[in-house]
Structure formats: structure tokens, C-alpha cells
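The values are calculated or read from the model by the stated rules, or taken from the named source; none is laboratory data. These numbers were taken from a predicted model, which means no experiment stands behind them. Cβ atoms come from the backbone with ideal geometry, glycine included; neighbour counts cover every protein chain shown. Please note that ligands, DNA and RNA were not included when accessible areas were found on the heavy atoms of the full protein model with its side chains. Shrake-Rupley method; radii C 1.70, N 1.55, O 1.52, S 1.80 Å.
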Amino acid sequence: MNAHAPTSRTREAPQGDEEASAELKLGEFQDVDALTHSEAALVINALVAKRSADRKNINETEMLSKTRDYLDHFARFKRKENVEAVERLLSAHKELAKFERAQLGSLCCDTAEEAKTLVPSLQDKISDDDLQELLDEITKLMGYGN
């Protein structure tokens, strides 16, 4: 008999067979626009700032507050110009799914090998050389005041 209370809630089984492995199976989210952490932070912070400027009730819930904290911590690019530049670099690669581009823009991998390990669906979509060139361009932007 276990004397300890469970440390987490039981989780409902996923409804579909979504997975982001060697083959992307994103179900209803397959062709949906995906944002990097930096893009999501810009959108949410702009919305909160606009509501505040309009003197609307922001009503920052615990969920919104935690989401903003998470994005502020993990967003690699803080300046709007750099976020937009990364998006332009990534969107030029039409061979990559929107999800894959968002992952690359959030993870900011150092090497093509690392990127293909973390995002296995990239394996047969882009050469190591082309991927490394893209990653190097993204890394350059990290040096410009983020």
C-alpha cells in the first residue's frame, strides 16, 4: 500500500495520434501557423500592452502570468526586428513544415546534427549544409542585442 498521495493528476489519453517524430503527425494542427517562443512573447506582450493603454481590464490570470514568465525566460529574441528577421529566414524554407520552422526558431540549435536530433522530421527534408547555414544565420541574429 502506497502511503504517499499522487504527485500529479492523471492525464487523459490523447484524442488523436499526434506525434512529432521522424514523420510529423499533427492531426488538426498539421497546417496551422506555428509561432516561435519569441513570436508568441511579442504577440502576448503587445496584446497586454494594448489592453493596458486602452485602460481595458487586463485581468491577468495566473495562466497568462505563467505563460508570459515562461516566454520571457525561453524566448531567444527580445527585439521585434530580430524576431521578424528570424521569421523571414525560416519562412524562406518552404520545404519545412511550419511546426519545424517554429521549432528551429525556438531551439536555436548550434549544429545541423543537434537540430535533426531534436526535430527528427527534418532528417530527409534539408541537407546538413543548408540547415547549418540557416542555423548560423539565426545565431548571428542572437548577437544583435536579441
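Being open to solvent by less than 50 Å² (accessible area, probe 1.4 Å), closer than 18 Å to Leu122 by Cβ and in a loop (DSSP other than H, G, I, E, B) is the filter; apply it to the stretch 13-37 and report the residue that is modelled with the lowest pLDDT.
In this case the residue turns out to be Ser21.
Among the residues that make up the stretch 89-100, is at least one of them of a type in the set (D, E, K, R) and modelled with pLDDT under 90? First the steps, then the outcome.
First, pick out the residues of the stretch 89-100 that are of a type in the set (D, E, K, R): 94-95, 98, 100.
Within this subset, residues satisfying the condition of being modelled with pLDDT under 90 are none.
Within the stretch 89-100 (the criterion being of a type in the set (D, E, K, R) and modelled with pLDDT under 90), the answer is no, since none of the residues qualifies.
Name, by its number, the condition in (1) out of contact with any Ser or Thr (no Cβ under 8 Å at 6 or more places or on another chain); (2) in contact (Cβ under 8 Å) with a residue 12 or more places away in the chain; (3) β-branched (Val, Ile, Thr) that does not hold for Thr117.
Failed condition: (2).
Considering each residue of the stretch 119-143, count those that are at pLDDT below 95, under 17 Å from Phe74 (Cα atoms) and touching a helix residue (DSSP H, G or I) at 6+ places or on another chain (Cβ under 7 Å), and give that number.
1
Return only the number of the condition from (1) more than 15 Å from Ala34 (Cα to Cα); (2) among the basic types (Lys, Arg); (3) without any contact (Cβ under 8 Å) to a residue 60 or more places away in the chain that Lys94 does not satisfy.
With respect to (1) more than 15 Å from Ala34 (Cα to Cα); (2) among the basic types (Lys, Arg); (3) without any contact (Cβ under 8 Å) to a residue 60 or more places away in the chain, Lys94 is out only on (1).
Tell me which residues, restricted to the stretch 99-119, are part of a helix (DSSP H, G or I), of a type outside the set (Lys, Arg) and open to solvent by 10 Å² or more (accessible area, probe 1.4 Å).
Taking the stretch 99-119 first, the residues part of a helix (DSSP H, G or I) are 99-107, 112-118.
Right, trim to of a type outside the set (Lys, Arg) and you get 99-100, 102-107, 112-115, 117-118.
Phe99, Gln103, Ser106, Leu107, Glu113, Glu114, Thr117, Leu118, listed by residue number.
Which of the residues that make up the stretch 38-66 are modelled with pLDDT of 80 or more, more than 20 Å from Glu81 (Cα to Cα) and β-branched (Val, Ile, Thr)?
Across the stretch 38-66, the qualifying residue is only Thr61.
Examine the stretch 79-93 for a residue that is within 27 Å of Lys25 (Cβ to Cβ), open to solvent by 60 Å² or more (accessible area, probe 1.4 Å) and not hydroxyl-bearing (Ser, Thr, Tyr), and state whether such a residue exists.
Quick first cut of the stretch 79-93, residues within 27 Å of Lys25 (Cβ to Cβ) only: 86-87, 89-93.
Filter once more, keeping what is open to solvent by 60 Å² or more (accessible area, probe 1.4 Å): 87, 92.
Then drop every residue that is not not hydroxyl-bearing (Ser, Thr, Tyr), which leaves 87, 92.
Yes - at least one qualifying residue is present in the stretch 79-93.
Taking the conditions exactly as written (part of a loop (DSSP other than H, G, I, E, B), among the aliphatic types (A, V, I, L, M) and open to solvent by 90 Å² or more (accessible area, probe 1.4 Å)), does Leu96 satisfy them or not? Can you show your working first?
On the way: part of a loop (DSSP other than H, G, I, E, B): yes; among the aliphatic types (A, V, I, L, M): yes; open to solvent by 90 Å² or more (accessible area, probe 1.4 Å): no.
Against the criterion (part of a loop (DSSP other than H, G, I, E, B), among the aliphatic types (A, V, I, L, M) and open to solvent by 90 Å² or more (accessible area, probe 1.4 Å)), Leu96 does not qualify.
Report yes if some residue within the stretch 44-66 is charged (D, E, K, R) and either surrounded by 15 or more Cβ atoms within 10 Å (Cβ to Cβ) or touching a Phe, Trp or Tyr at 6+ places or on another chain (Cβ under 7 Å) (or both); otherwise report no. Before you say what the answer is, go through the steps one by one.
Taking the stretch 44-66 and keeping what is charged (D, E, K, R), we get 50-51, 54-56, 60, 62, 66.
Next, from what is left, pick out any that are either surrounded by 15 or more Cβ atoms within 10 Å (Cβ to Cβ) or touching a Phe, Trp or Tyr at 6+ places or on another chain (Cβ under 7 Å) (or both): none.
No, that holds for no residue.
So Leu122 clears everything in (1) farther than 25 Å from Glu81 by Cβ; (2) open to solvent by 50 Å² or more (accessible area, probe 1.4 Å) except one condition, right? Which one?
(2)
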